[in-house]
1. Just checking, which of B:Ser285, B:Ser315, B:Ser296, B:Ser267 is buried (at least 22 other Cβ atoms within 10 Å of the Cβ) and polar (S, T, N, Q)?
2. How many residues, within the range B:463-507, are of a type in the set (Ser, Thr, Tyr) and facing chain A (nearest Cβ under 10 Å)?
3. Return a yes/no flag: does the range A:142-156 have any residue that is out of contact with any helix residue (DSSP H, G or I) (no Cβ under 9 Å at 6 or more places or on another chain) and either among the aromatic types (Phe, Trp, Tyr) or in the same structural domain as A:His191 (by TED's automatic domain parsing) (or both).
4. Take the range B:1-47 and flag every residue that is touching a residue at least 24 places away in the same chain (Cβ under 8 Å) and hydroxyl-bearing (Ser, Thr, Tyr).
5. So B:Val494 clears everything in (1) at pLDDT 70 or above; (2) among the β-branched types (Val, Ile, Thr); (3) over 60 Å from the mean Cα position of the chain (by Cα) except one condition, right? Which one?
6. Within the range B:119-137, can you find the residues that are among the hydroxyl-bearing types (Ser, Thr, Tyr) and touching a residue at least 12 places away in the same chain (Cβ under 8 Å)?
7. Say whether the condition of being under 58 Å from the mean Cα position of the chain (by Cα) and over 23 Å from B:Glu72 (Cβ atoms) is met by at least one residue in the range B:1-11.
Amino acid sequence: MALSYDPLNYLRRSLELNPSHQDAAYMYAKYLIQNREFLEAVTYLNHFINNFEENSRLRNLLAQAFLQLEKFDEAQNSVNIALSHTPRSINVLHTAFVIKKAIGDKFSALHFLERIVSLGDPSVEILCEMADLLDCTTELERKSNILDIAYSINPKNREIFVQLADSFLKYFKNNAFEELNKHMIEMFLDHFKKYIPAYFSIELQKEVNQWIKKFKGQPALL
Amino acid sequence: MDKQIKKLLETAIELDPKLANAHFKLGVLHQSEENFDSAVSCFEQAVTLDSTYPEAECELAIELRRSGKLEEAREHFLNALELDPNSVKTYFNYALLLIELDDIEEAKNNFDKVAEIDQNFAPAYFQKAKLLTNPDDFEQAKKNYETAIDIDEDYLEAHYFLAKLLMGGKATNTDGSSANKKDLKGAKFHFSRVLLLDESCSKALYNLGRIHFEETDYRKTKSYLTKALKLQPNYSKAHYLYGKALDLGGEHQKAVHHYKKSIDCFSDNPKALFHLGKLQFLNKSLKDAEENLRLSIQLDPTNPKSHYYLAKILSHDDDPSLAKKHFYKALELDPDFANAYFDLAFHSEKSGDLNEAKIQFQKATDVDQNFAEAYFNLARLSSSPAEYELAERNFETALEIKVDYDECHYFFGKLLAKGERMSKDGTLIIEPQLERANEQFKAAIRINPDNFKSHFQLGLLLFKQKEFEAAFASLQQAIQINPEFAEGHYQLAVLLMDERAQKALSKKKKTARSHKTAKAS
């Protein structure tokens, strides 16, 4: 046998020898999706699921492939089956979120992200996705809180910090000065009283400074 | 001549019917002509006419014994002895009668009396020796046979029975403990003497075969038994022993033939039925084997091995209790039957009763402390984290006993690589012992380089240890040995999709490519 370094050769041979090998099937389908061969992935996964065992991980991949093909109904159907098998799988919940987000169902998308967060130790990416969805002026307080947690997990992430600053400023602007939440002001000053990062745009730096001054001039608020 | 004498005696009786001596002599003549009824009437006439005639009393007693009138015979022997207390013939024949009357001790006394009167009367020593069957009397029996032979060196029966005594060798020491005084060389000598005296003595040939069988000289065993069977083709015991010699020599088909012949010649033959059944089991003729083993058990329910092999056959049945019953019976008959515990454990494992299986493997190790396979299987079944220490200890014991036990190294390696054990407070601790596992897999490969599973597990382990090149080589080896091994191909794909592995293997890949190019050019 000639020595091969191509993983696909081995993967295909493994599936030839044992077509019901779930891990190999998962890896192969994932490879097809990564290579944007979505239609092939759908065909392969449907064939596997129909001929062998129902499997949550493979259903999840099928949902992802359908999503890429913009077949939203099929994608939702597939992810629902996956969720019926593994309702606490972060990967499946994330796919469900992505589908909902893609079809513009913000409410449901958020719901799936909340389910992921409730499972504990959410990743920075999940928190950012969540914050991203909270784009309504009434949700700015919650958005700031979430970005604050994300930044505390990864303090070197400049983008999150910019978003956090932006969220604070939007909140301050959209609410009457006297009605501002004391906790929000404290959080803002904690982050920016002593230090304003140089990578902030000049406008942003200016704005942050203005609000610091404003709060210092109104100690009663603090 | 005899006819003339007979005529003269009959004339004498006609002339004087009260002539007791004539009646006696005529009786002796009838006796020699095997005309026993007439002999009895003559002897009766003689003793009626002369109540002090010991020879007539003795001969009458002998004839009455011959015709089965034992009590009457005893009466006339006693009359004869009263009239002549020194008659060797009377004592000897009376002793023979006493054997028939099951009065062995009195018979011995009478043989002693014979020897006392006539020290050269060989049959008395021989017959007495035959009565000394208790192990306590071994030496005395031997001495009596030897005396008989000293007196008459061509005494065939004495040679034969002395040889049998020496072959058995069951004796006791002076303190009452049992002793083995087996003397196969002596036995061979005396059986050979029997054959010199009577070359058609099939029993001597058979027994010589038995001695050589005990000495594991199967070639000579077969040679003697062939001769015995030529003389007596329906000799069941000889067929049985021939079968065993062939069986042990690996000639199973021929052995089956002889076991069957042995059973044909003597159907109530549990030993031959057992060995036949066992061979049929080994040859996978399970139906025939079951039938013969059941027959063997019917005839001799106390052979644990018959139950054991029957249980092994029944373990293929859907109902696990059938086999269990016979395994238990075998163990009841022989509580030290390690293989029965071992196979019962496998049977229990097969029927899903893992706890029972573990108990039986444990018992097998209790009975036979060098039973490596039992330790190994006990360890294999103790795979839960709570039993980690037990499994580790048993794997180690198995490997101490049997160093070259590749399967054991392999499973031990898997246990160490997994490293899941339960702490005293019940928390699960995962501490894979990768270096030790590595050693075990390598040992398994060293012993059996063709075991693809060991290569595979070593590959996975090396992957974990980030030794990507070595992992790749091991997994490659696994699929080269078994190209149909799907999991091996899959894990190679997983390895090659790993970024760190790709980096590590890129050098090798380049070298391989340049080799290919060089070859092509």
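The values are calculated or read from the model by the stated rules, or taken from the named source; none is laboratory data. Since the structure is predicted, the reported quantities are computational estimates derived from the model, not experimental observations. Here the Cβ is made from the backbone with ideal geometry for all residues, glycine too, and neighbour counts use every protein chain on show.
1. Criteria check complete, one pass: B:Ser296.
2. Kept after step one, since they are of a type in the set (Ser, Thr, Tyr), are these residues of the range B:463-507: B:474, B:490, B:506.
Next cut, facing chain A (nearest Cβ under 10 Å) only: B:490, B:506.
Result for the range B:463-507: 2.
3. Checked the range A:142-156: at least one residue is out of contact with any helix residue (DSSP H, G or I) (no Cβ under 9 Å at 6 or more places or on another chain) and either among the aromatic types (Phe, Trp, Tyr) or in the same structural domain as A:His191 (by TED's automatic domain parsing) (or both).
4. B:Ser32
5. (3)
6. B:Tyr125
7. Taking every residue of the range B:1-11 in turn, at least one turns out to be under 58 Å from the mean Cα position of the chain (by Cα) and over 23 Å from B:Glu72 (Cβ atoms).
Per-residue answers, yes or no, for (1) farther than 30 Å from A:Asp121 by Cβ; (2) polar (S, T, N, Q):
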{"residue": "A:Glu141", "(1), (2)": "no, no"}
{"residue": "A:Ile160", "(1), (2)": "no, no"}
{"residue": "A:Ala165", "(1), (2)": "no, no"}
{"residue": "A:Met184", "(1), (2)": "no, no"}
{"residue": "A:His191", "(1), (2)": "no, no"}
{"residue": "A:Ser201", "(1), (2)": "yes, yes"}
{"residue": "A:Lys206", "(1), (2)": "yes, no"}
{"residue": "A:Gln218", "(1), (2)": "yes, yes"}
